[in-house]
Amino acid sequence: MSGFGPTRALPSNMSWMSALKPIPDLPNLWLECAAILARRRRPSARIAETYPAGDRFSVAHGPVSAILVPLLLVGLCGDVPLSLVVVALVHPSHPLLIHAVVAATGLMGLGWVMAVKSALCALPHVVSGDALWIGGGVRLSGVVPKAAIKRLLVIPGTRHEWMAEQGVARDQFVLASGYDSPNLAVELWPEAVTSVEMKSSRRPICPRRWVLLYADKPDALSAAVSTDPPRLVEALATPQAV
């Protein structure tokens, strides 16, 4: 897919960025788990309300994310009987304590994956009129102005195969997908990288030339973003009207 088409005049960098909402927060997964157990409003639901109106593209049904909860349940069904046998053979004098530790560890893992699944379902990618809002709510959140995007490429195979094919080094991209392998690459105009805002749960993230995402329908997301917006880099060079 090629870059975007003809350019149009835009406001200055400051007015362009001020038109965007602040970057959404990332949900605390332990609080998400507690809200699920208590049947209260989840943090991810509150964060979802801060996303703008637009086309939404789910991220919760990938090869890994779709089976997180059943995979852990199957693992627990095998681990619990095995732990009973091991404890009886190795630690017969303190069985209750060991069983309690094993059960608590398993339940914590189950709560964690339930919280991850909840956040993935609540926070899809959103394509608004002027930006791509990165969803998922696990690894990072971010806002990519459409005018900062040079092109989008669907990744048909693995990330490493795509990197070798495109000649992309590890320090040239930001991995925004959570548990599933990315299937969509967003290339930014070099002059507009600073207009992109991203953050993890702890700190801001410096954007790079490429942003790698996962979406359940990457072709549809790519088509929604590619609506021929004006190039931000040329808009920044346009004198602001007085």
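FYI, it's all coordinate maths here, none of it is from the lab. Worth saying up front: this structure is predicted, and the values here are computed from it rather than measured. As a convention, Cβ positions derive from the backbone with ideal geometry for all residues, glycine included, and neighbour counts pool all protein chains shown.
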Only sites in a loop by DSSP and with at most 11 other Cβ atoms within 10 Å count here; which trypsin sites (Lys or Arg not before Pro) in the range 147-202 make the cut? 202
Chain lengthening between residue 53 and residue 41 when straightened (0.36 nm per residue, less Cα-Cα): 2.2 nm
Additional length obtainable on full extension of the chain from residue 66 to residue 164, 0.36 nm per residue less Cα span: 32.5 nm
Let me have the relative contact order for the range 82-204, percent, based on Cα pairs under 8 Å that are six or more residues apart. 22 percent
Taking amide hydrogens as modeled 1.01 Å from N in the peptide plane, which residues meet the under 5 Å criterion relative to residue 151, leaving out close sequence neighbours? 187
On a straight-distance basis, which aspartates and glutamates could pair with residue 199 in a cross-link, Cα separation under 12 angstrom, same-chain partners fewer than 8 positions away excluded? 25
The set of residues whose placed amide H lies less than 5 Å from the amide H of residue 123, leaving out same-chain residues fewer than 5 positions away, is 136
Amide H neighbours of residue 128 under 5 Å, counting only residues 5+ apart in sequence or on other chains, H built in-plane at 1.01 Å? 133
Each label sits 7 Å from Cα toward the beta-carbon; between residue 82 and residue 206 the label points are separated, in nm, by 4.3 nm
